[in-house]
1. Looking at segment B:103-126, which of the residues that are away from every other protein chain (no Cβ under 14 Å) and surrounded by 17 or more Cβ atoms within 10 Å (Cβ to Cβ) is nearest to residue A:735 (Cα to Cα)?
2. Mind listing just one residue for me: the one in segment A:686-715 that is surrounded by fewer than 21 Cβ atoms within 10 Å (Cβ to Cβ) and more than 26 Å from residue A:141 (Cα to Cα) and, of those, nearest to the other protein chains (Cβ to nearest Cβ)?
3. For residue B:313, only one of the following conditions fails: (1) surrounded by fewer than 20 Cβ atoms within 10 Å (Cβ to Cβ); (2) more than 30 Å from residue A:618 (Cβ to Cβ). What is its number?
4. Would you please name the residue that is nearest to residue B:191 (Cα to Cα), looking only at residues in segment B:217-231 that are at the interface with chain A (Cβ under 8 Å from one of its Cβ atoms) and buried (at least 19 other Cβ atoms within 10 Å of the Cβ)?
5. Got a number for residues in segment A:621-634 being in contact with a helix residue (DSSP H, G or I) (Cβ under 8 Å, 6 or more places away or on another chain) and at pLDDT below 95?
6. Can residue A:315 be described as touching a strand residue (DSSP E or B) at 6+ places or on another chain (Cβ under 7 Å), closer than 21 Å to residue A:188 by Cα and more than 14 Å from chain B (Cβ to nearest Cβ)?
7. Would you check which residues across segment B:143-170 are over 22 Å from residue B:243 (Cα atoms) and either within 14 Å of chain A (Cβ to nearest Cβ) or part of a loop (DSSP other than H, G, I, E, B) (or both) and list them?
8. Out of segment B:52-83, which residues are more than 9 Å from every other protein chain (Cβ to nearest Cβ) and over 20 Å from residue A:677 (Cβ atoms)?
């Protein structure tokens, strides 16, 4: 505890000095302009909007609260340009007196015709200095419009970006730059979400109606994030419409959604709910005596947020998420399986402006993930309970003394609690209770020595009490503006991870989190990323990024342990390492009514564990050497829009057996014991390709906007292979069965009404 | 002249474009070659396969030798068996020296089967080494440490109603094994493995609704009968069971393990490291577990120079008669 006190004392002192010493009165003759950038229709703050002094290179982007500050300005007349993709740019003429701190909150009008375009922004859309390496944004309008299996899905949309891969058609898990899903930190309103899936992994929990902003940090991310050695997905719920009451209802094949939002006296509110609507279909199937139909199957999620503007410098918000999947399947007489899993999060956020130069944000978060599978077979009851509670407090400070210097600092500390209990026929085989305190501190300095160079250096310290681990993570990014249209960047950093996920690619409902502890060192990795970003005069964006990353001290549950009762904690794991390298190209643009983006990745991922492949490196299944995604959008008329997504990828690694043998005299079984001998993942499946198409028709119903969506997934009926299943036959053969991915064209239809 | 220049220009432009496309195609081809299949295809290498299970306190077992076959070959006992090998077992002293040698000869009963020439009872907590040579194949060796014997002190029922809340249980002494806890497997075997004897849950699992409701007698096919007549649990750690104050273990039989009514022989075995490793890896190879679909790990076997299993165990057995619910029971 003394150590804990000591570790937070120093940065708090630094922060206090920052606040007390620099905040209000620095550079008395210099002027500044600051404020929030918002959507003019809804009042939603816009994250990473561009703010720039016209005809200069002085500029900034709004932060995650929609706040901007241009400081250190000479007194005089300026034209400030505000822009954000999908919105009409705005120019504001201002006159700054010596020492003046001008506050201007700005509302941007949406460009209606662009909303339908399929766009992805890689940080600032054009010339902004806040551009970061490896950062992509996925507008929710795009997510809603892309053809997708059954439900519009945040993660499946992210899987279209270069460097992001999916494990299969049935998994929404994010495999980013060679990392497994547990190497990506998922944040919803600054709160960690531990199992972001519905339907056992088929799609993600995030309701696109409720979401304002999705940002993906693919790698070499800055010091303000940590806790995972791979990537970060930072998602923000909508604040709610600050102008008028509004809402939408959407009915789909699998689920239906509703959103209501509106203003109140001092802010806004939003509530979005989604629930599966397959029960009538299940009831029909049950009435037809179809076997194996669940007695109960549903999922739901609800997102809500309330914002209160206390005054110009203080804003409060309270947001929650609650989601759950429930299934109860009667497998046979006296045999049944039940599963309940889900997440709940709650966060309170206070945004406070100490001055126009010093911005702060404080958040209190709570997150609970639970998974409770139960299996009963002839009175033999087998069940598990897995709970993760995570309560935390975090604070972020941003100090911008002038246009050349910017400081960020913050803390994030909290308490993890993991409970994992396993009971078989009344016998408790495992009862793990892990309690750990974690503390993270970071500082970041962004220095712009000239208009062409931006150097971002940072340091993050992490403490994890279970095992008393203290880790330091240096980060560095350098950006060079080669021309007005071309940027060159390089970034690197070290990352640590104190958690690991026990999961199965095919089924996420049993996901279990375990943590580092004494004799189980945290995983760590180094990343180096370099990139070029070019924007043509015609507005085409071409980006290239190359990366190399290591993964060391990887710890994951040993898959060859049939029973863990009585084992020491460290005996549960096998420890390994890996690396990933790759090259990504991203192109985005529009010509007339056509728009779209394409991403190509060349990637290599290798891992090794002593228990697998004789400790030799192997390609995990999700490794794909070539991966191409092309997304197009065409405005056919004022009412009709066409969207398509084409994917091509090298076949995944799989294990092709080379030899077989059979043992016929086992005392444990009457039939032969059958054994395959294979180079682990030594072969590749045939190439994967798929085309999804969709048409959207806009209309109106009783004065409200309406929208029909007609989509076909796997439009040309490609029979992609998920995996091969080998079976020993009685006649001495070993047969190979193909288990396909989505094997047929799958239609999808939905209807949405916005009022 | 102008016309000619234009043609020349067009030709050169076409050539230039053609060269560019050729270049692009070459780059693409190189990428495909370099990146598409960075892993090599598998190749079969023939190995000697051994199968032998030593049981503490019982006579030396038979040893079976076969060879591995290409995955595309049709397996048959005749094609796989090795009949011209020399095989011996060695009993090792604590310092690793050879204390006794037990030569094996080929059995006339089955192809690839070898039997000990001299009688010997397998000693608990002792180490045995297998050595085998066959023409054209690498020699193999393997060692096993035999678990300590343990005793069956009592059984709770000789006859019990299916799903009786009391459950059938063993009372056994503990079995120490080197520096780890004991690992058990439970095997339940029934000689009357017919559909008529199946317990309710398994009837539902094995036969679909149409078959159950057809009115025809239900019949197990040979494959199902073989699979069900001897059923073994996955390896179970000793820590699952409470040690009674007198140091004995009370082990209950979970009802899900009972497949047939009638006389069931229940065997509780304590495994050595070789059998434990072989069992757990082979089960992951068959069922996948936490690995991604399509990832098939090799079995961890203890055979140097070949593959298969050379393991040892200690075991106790008992017979219990399971009668349907509602039948008269007697203890």
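The values are calculated or read from the model by the stated rules, or taken from the named source; none is laboratory data. Quick caveat, the model's predicted, so the values are computed rather than measured. Note that each Cβ is placed from the backbone with ideal geometry, even for glycine, and that neighbours are counted across all protein chains shown.
1. Step by step, filter segment B:103-126, then rank; the result is B:106.
2. Here the residue is A:687.
3. (1)
4. Ranking the qualifying residues of segment B:217-231, first place goes to B:229.
5. Counting residues in segment A:621-634 that are in contact with a helix residue (DSSP H, G or I) (Cβ under 8 Å, 6 or more places away or on another chain) and at pLDDT below 95 gives 1.
6. In short, yes.
7. Residues satisfying the conditions are B:146, B:158, B:160, B:161, B:162, B:163, B:164.
8. Pass one, segment B:52-83, residues more than 9 Å from every other protein chain (Cβ to nearest Cβ): B:54, B:56-60, B:63, B:65, B:78, B:81-83.
Across segment B:52-83, the qualifying residues are B:54, B:56, B:57, B:58, B:59, B:60, B:63, B:78, B:83.
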